[in-house]
Structures are given as structure tokens and as C-alpha cells.
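Report on one structure; see the data block that follows.
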Amino acid sequence: MAAKLRKGDEVIVLAGKDKGKKGTISSVDPKANKAVVDGVNMAIRHTRQSQTSQGGRLPKAMPMDLSNLALLDANGKATRVGFKVDDGKKVRVAKTTGDVIDA
């Protein structure tokens, strides 16, 4: 099945402690149905000091379910994603505006 949300997409959080926050997807795990969004769903991770890194309590973005994310359209509003065939190529389309997401 084609991915509705991909790495680099600008998204808004629909549910959870960070509801309403916006961010960019940094990675997607389709098997687990989760994505990591920069600056959202942050957790503190304790790391040991080494020769290369300082260590201590470092904030890290944790994965969140794809169902809690929505793509932002050209107007900056949440939209669902559909698909259509354009010039023999399958492209993603924003349901609110009808604009093609992939160029």
C-alpha cells in the first residue's frame, strides 16, 4: 500500500499531549505504523558520557502513531490524503484543496 505520509512532510498532531503542534517528519516506520516528528512527543533519555559525547539527560523525539498525524495543505490546515493517476504516475492529492502534493 502506498504511504500517505512520508519523510519530509509537514504535519500537525491531531491527538495526544502535543495536540495542535506542527513539525516535519524525520522518519517513518510503516510496519509499526509510526513516525518520528521533529520537536513533538519529546522524552528525556539518559546517556552515558563518552569521549565523543557529553552525556547527561538529552531530549529525544519518540515515535508516534500515524493515525494521530495529518498532513498540512497549502493553506496550513489539516487535510486527508488521496491518490490519483496523473500522466501515468500515481500521485498524492490533498483532499481539502485538490492540489497535488508530489511534483
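The values are calculated or read from the model by the stated rules, or taken from the named source; none is laboratory data. None of these values were measured; they are calculated from a predicted model. Using ideal geometry, Cβ is built from the backbone for each residue, glycine included, and neighbour counts are taken over all protein chains shown. We work out accessible area using only protein heavy atoms, side chains counted, and drop any ligands, DNA or RNA first. Shrake-Rupley method; radii C 1.70, N 1.55, O 1.52, S 1.80 Å.
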Evaluate region 51-68: report whether one residue or more is within 21 Å of Val93 (Cα to Cα) and more than 11 Å from the chain's Cα centre (by Cα). no
Out of all the residues in region 1-26, which are within 12 Å of the chain's Cα centre (by Cα) and within 22 Å of Lys90 (Cα to Cα)? Ala3, Lys4, Leu5, Arg6, Lys7, Gly8, Asp9, Glu10, Val11, Ile25
Got a sec? Which of Val81, Val93 is hydrophobic (A, V, I, L, M, F, W, C), touching a Phe, Trp or Tyr at 6+ places or on another chain (Cβ under 9 Å) and within 21 Å of Pro30 (Cα to Cα)? Val93
Does Val36 satisfy the criteria of being touching a Gly at 6+ places or on another chain (Cβ under 6 Å) and either modelled with pLDDT of 95 or more or not polar (S, T, N, Q) (or both)? no
Search result, residues across region 1-14 that are of a type outside the set (Asp, Glu) and either loosely packed, with under 12 Cβ neighbours inside 10 Å or not in a loop (DSSP other than H, G, I, E, B) (or both): Met1, Ala2, Gly8, Val11, Ile12, Val13
Out of Val28, Val40, sole residue that is open to solvent by less than 60 Å² (accessible area, probe 1.4 Å) and assigned to a strand (DSSP E or B): Val28
